[in-house]
Amino acid sequence: MPSPAPGPARRSRATVTPLSPRLHQPTAQRPLRMRRLKLATDSEVLPHSHPWAQLTFSAAGAVRLTAAHGTYLVPPSRALWIPPGVEHAVTVIEDAELLTLYLHQPRGRCGPGVPAALQAPWRECRVLEVSDLMRALVAQMDGAPDDPRQAPAADLLQREALLAALILDEVRRAPPVRLGVALPQDKRLRALCEAVLDEPARHRTLDDWARDSGASPRTIARLFREQLGVSFGQWRQQVFLTRALALAARGTPMARIAGELGYASASAFTAMVRRTVGQPPRRFFAAAV
């Protein structure tokens, strides 16, 4: 019996174990904590979870956070909300400095201090726009880890409480952005999807991607419909949009973005964006530039 064809090859990454998040653990007394983390391109923080909520910003560079049902790109213009208990991993697209907020969540509650009737959207991962005020406030938070040998100074706690109140108000006001990319549960299809996320322009057609996965194009097309409710082409367009957002965030010209995503011309890329989101690229990516 012939051995099964190998799945799509994945780019080699340097793995990083979760770095002691409990040294920044939020509590009822200190409900909002911040930590800074610098990560190099192509490094990956292994899957982990924690009992508090998380809001991750990218002060510089871009990262991709992946949870069970989707993956989300986080350029400097966006932040990702992750509810408590949700396992997630981090993949660095380009050298990044992450500013991560940890939010204490009272038992049975979820969200940045919102009423019970408004908590449902906060029980799912969601991408939020980051205002200039929110970014400035988060940058002022103290990111030092807990020191078991001494209590934090009273003036630090007072300043942290004032900043936290303003930050939480900005988070509550932040508009959500539809930029997540759904991921399937089927292992074979998920491996193909992760290969597309790593190198979206490696192949142009479903036939080529299916050949890498060892499955027939018909099988892959059926799995996309069954698992994700969309065609392969529709799903890959969302991948292109999230990757283009990261490129636009660092000022990459539109023609170069089109080329890096495998489009023959900027006009072909523009047509795809208009068809998908109903806006020209420059308007759609304006918040990221």
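The values are calculated or read from the model by the stated rules, or taken from the named source; none is laboratory data. Note that the coordinates shown come from a computational prediction; the quantities given were computed from them, not determined experimentally. Don't worry about glycine lacking a Cβ; one is built from the backbone with ideal geometry, like all the others, and counts go over all protein chains shown. Note: areas computed on protein heavy atoms with side chains; ligands, DNA, RNA excluded. Shrake-Rupley method; radii C 1.70, N 1.55, O 1.52, S 1.80 Å.
Any idea how many residues of region 203-232 are within 22 Å of the chain's Cα centre (by Cα), surrounded by 14 or more Cβ atoms within 10 Å (Cβ to Cβ) and either assigned to a loop (DSSP other than H, G, I, E, B) or among the hydrophobic types (A, V, I, L, M, F, W, C) (or both)?
Selection size over region 203-232: 4.
Provide a single number: the residues in region 58-76 that are open to solvent by less than 10 Å² (accessible area, probe 1.4 Å) and either more than 28 Å from Phe224 (Cα to Cα) or in contact with a Phe, Trp or Tyr (Cβ under 8 Å, 6 or more places away or on another chain) (or both).
So the answer is 3.
Output the number of residues of region 233-258 satisfying the condition of being farther than 17 Å from Glu129 by Cα, in a loop (DSSP other than H, G, I, E, B) and either touching a helix residue (DSSP H, G or I) at 6+ places or on another chain (Cβ under 7 Å) or open to solvent by 30 Å² or more (accessible area, probe 1.4 Å) (or both).
Residues meeting the conditions: 2.
If you take the residues in region 41-57 that are open to solvent by 30 Å² or more (accessible area, probe 1.4 Å) and within 14 Å of the chain's Cα centre (by Cα), which one is nearest to Arg22 (Cα to Cα)? Steps first, please.
Quick first cut of region 41-57, residues open to solvent by 30 Å² or more (accessible area, probe 1.4 Å) only: 41-42, 44, 46-49, 51.
Adding the requirement that they be within 14 Å of the chain's Cα centre (by Cα) leaves 44, 47.
Details: Glu44: 19, Pro47: 16 Å.
Among those that are open to solvent by 30 Å² or more (accessible area, probe 1.4 Å) and within 14 Å of the chain's Cα centre (by Cα), it is Pro47.
For region 168-202, give me each residue that is assigned to a loop (DSSP other than H, G, I, E, B), closer than 18 Å to Ala62 by Cα and not basic (Lys, Arg). Don't jump to the end; show me each part of the working.
First, pick out the residues of region 168-202 that are assigned to a loop (DSSP other than H, G, I, E, B): 174-175, 178-179, 183-186, 199-202.
Still in the running and closer than 18 Å to Ala62 by Cα: 178-179, 199-200.
Hits for region 168-202 are Leu179, Glu199, Pro200.
If I go through region 261-289 residue by residue, how many of them are within 23 Å of Leu183 (Cα to Cα) and assigned to a helix (DSSP H, G or I)?
Step one: of region 261-289, the residues within 23 Å of Leu183 (Cα to Cα) are 261-262, 272-273, 275-277.
Those still in the list that are assigned to a helix (DSSP H, G or I) too: 272-273, 275-277.
Qualifying residue count, region 261-289: 5.
Within the set of pairs 6+ apart or on separate chains, which have a first residue in region 23-39 that is closer than 15 Å to Asp142 by Cα, a second that is charged (D, E, K, R) and part of a strand (DSSP E or B), and C-beta atoms under 9 Å apart?
From residues that are closer than 15 Å to Asp142 by Cα, the pairs are Leu23/Arg35; His24/Arg33; His24/Arg35; Gln25/Arg33; Pro26/Arg33; Arg36/Glu97; Leu37/Glu97.
Among the residues that make up region 25-35, is at least one of them surrounded by 14 or more Cβ atoms within 10 Å (Cβ to Cβ) and either modelled with pLDDT under 85 or among the small types (Gly, Ala, Ser) (or both)?
Restricting attention to region 25-35, the residues satisfying the condition of being surrounded by 14 or more Cβ atoms within 10 Å (Cβ to Cβ) are 25-26, 30-35.
Narrowing further to those that are either modelled with pLDDT under 85 or among the small types (Gly, Ala, Ser) (or both): none.
No: region 25-35 contains no residue that is surrounded by 14 or more Cβ atoms within 10 Å (Cβ to Cβ) and either modelled with pLDDT under 85 or among the small types (Gly, Ala, Ser) (or both).
I'm told Arg188 meets every condition in (1) at pLDDT 90 or above; (2) over 27 Å from Leu245 (Cα atoms); (3) among the charged types (D, E, K, R); (4) within 24 Å of the chain's Cα centre (by Cα) except one. Can you identify the failing condition by its number?
Of (1) at pLDDT 90 or above; (2) over 27 Å from Leu245 (Cα atoms); (3) among the charged types (D, E, K, R); (4) within 24 Å of the chain's Cα centre (by Cα), only one is false for Arg188: (1).
Can you find a residue in region 97-110 that is of a type in the set (Asp, Glu), closer than 19 Å to Trp52 by Cα and out of contact with any Pro (no Cβ under 6 Å at 6 or more places or on another chain)? Let's see the steps before the verdict.
Initially, region 97-110 is screened for residues of a type in the set (Asp, Glu), giving 97.
Next, from what is left, pick out any that are closer than 19 Å to Trp52 by Cα: none.
Within region 97-110, not a single residue is of a type in the set (Asp, Glu), closer than 19 Å to Trp52 by Cα and out of contact with any Pro (no Cβ under 6 Å at 6 or more places or on another chain).
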